[in-house]
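Let me begin by presenting the structure, written as structure tokens, before commenting on it.
The values are calculated or read from the model by the stated rules, or taken from the named source; none is laboratory data. Predicted model only: the values in this text are computed from it and were never measured. FYI the Cβ positions are ideal-geometry reconstructions off the backbone, even for glycines, and counts take in every protein chain you see.
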Amino acid sequence: MAQPDMLLVEDDAALAELVTWHFTREGYSVRQTGNGEEAMVMVRERLPDIVLLDWMVEGLSGIEICRQLRRAAATANVPIIMLTARGEEEDRVRGLQTGADDYVTKPFSPRELVARVAAVLRRVRPALAGAAITYADIEMDIVGHKVKRAGKNVALGPTEYRLLRHFLEHPGRVFSREHLLDSVWGHDSDNELRTVDVHIRRLRKAINDGGGGDELPDIIRTVRSAGYSLDMDLAG
């Protein structure tokens with residue numbers, strides 16, 4: 001099972017420590033800050049799998065962080081759960097309308113919070129379900145290191161395999177070339193951005209080949225001036 005990367009934005013030090021402890025125990029990698037502007041920097045440094053976001057933090061407010069994350073293509077699909085002492089219905093509705101996936105009012109049970117986060121991640125990140133990742137007609141066997149599309153085996157090189165796995169773990173999200181270079185090749189890579197384009201073409205060719213001269217629908221979407229995403233509905 002992949003280790004989920006969580007960004008916790010909470011300025012109550014005691015509560016942040018408690019939440020971090022519970023999620024670390026459940027196998028999460030937790031980064032934490034109590035400052036909204038720093039949170040945005042941390043998101044740009046490494047895209048989290050989920051954001052736990054307090055409404056009232058220093059710098060940018062939680063609601064403004066949520067708004068900015070939803071507006072940017074690269075972060076539009078990152079799950080967000082709001083943590084706040086605001087319990088009025090109007091506040092909850094505002095948080096959800098801004099783009100939050102869930103809303104937890106303080107005080108809350110850490111066990112319930114863990115369960116809610118797990119439920120959200122199961123919907124948006126198939127890799128958390130176990131050793132196989134599936135999206136549309138693509139299936140990746142992580143243990144066996146094998147890939148199938150439409151029931152047929154797909155031969156991939158090591159880099160194309162890592163690239164596809166990254167997409168499968170975050171379906172629908174748009175990733176810049178810079179992000180893919182860091183996540184797939186590593187932060188210390190000396191490769192140029194055009195290297196990403198080369199391997200995207202190789203990956204496309206491999207997974208779109210239906211055999212016998214047939215070509216399957218292109219499942220990798222190119223987003224002009226933004227990057228690439230794995231998107232069956234909007235591919236092209």
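Scanning the range 135-153 for residues that are assigned to a strand (DSSP E or B) and under 22 Å from the mean Cα position of the chain (by Cα), which turns out nearest to residue 208 (Cα to Cα)? Ranking the qualifying residues of the range 135-153, first place goes to 138. The residue that is nearest to the chain's Cα centre (by Cα), among those in the range 1-21 that are surrounded by fewer than 16 Cβ atoms within 10 Å (Cβ to Cβ) and at pLDDT 90 or above, is 21. Just one of the listed residues (169, 112) is acidic (Asp, Glu), at pLDDT below 80 and within 20 Å of residue 4 (Cα to Cα), and it is 169. Taking residues in the range 150-167 that are in the same structural domain as residue 216 (by TED's automatic domain parsing), and partners anywhere that are in a loop (DSSP other than H, G, I, E, B), the pairs with Cβ atoms closer than 8 Å and at least 6 places apart or on different chains are 150/137; 150/216; 151/137; 161/145; 164/156; 165/142. Of the strands (runs of 3 or more DSSP E) lying entirely inside the range 5-56, those containing at least 1 residues that are β-branched (Val, Ile, Thr) and in contact (Cβ under 8 Å) with a residue 40 or more places away in the chain span 5-9, 50-54.
For (1) surrounded by fewer than 20 Cβ atoms within 10 Å (Cβ to Cβ); (2) in the same structural domain as residue 186 (by TED's automatic domain parsing); (3) within 20 Å of residue 104 (Cβ to Cβ); (4) charged (D, E, K, R), each residue gets a yes or a no:
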{"residue": "24", "(1), (2), (3), (4)": "yes, no, yes, no"}
{"residue": "35", "(1), (2), (3), (4)": "yes, no, no, no"}
{"residue": "46", "(1), (2), (3), (4)": "yes, no, no, yes"}
{"residue": "58", "(1), (2), (3), (4)": "yes, no, no, yes"}
{"residue": "71", "(1), (2), (3), (4)": "yes, no, no, yes"}
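For the range 176-207, the tally of residues that are more than 24 Å from the chain's Cα centre (by Cα) and at pLDDT below 90 stands at 1. The residue that is surrounded by the most Cβ atoms within 10 Å (Cβ to Cβ), among those in the range 136-158 that are touching a Gly at 6+ places or on another chain (Cβ under 9 Å) and modelled with pLDDT of 85 or more, is 149. Among the residues making up the range 168-185, those that are buried (at least 18 other Cβ atoms within 10 Å of the Cβ), assigned to a helix (DSSP H, G or I) and touching a residue at least 24 places away in the same chain (Cβ under 8 Å) are 168, 169, 179, 180, 184.
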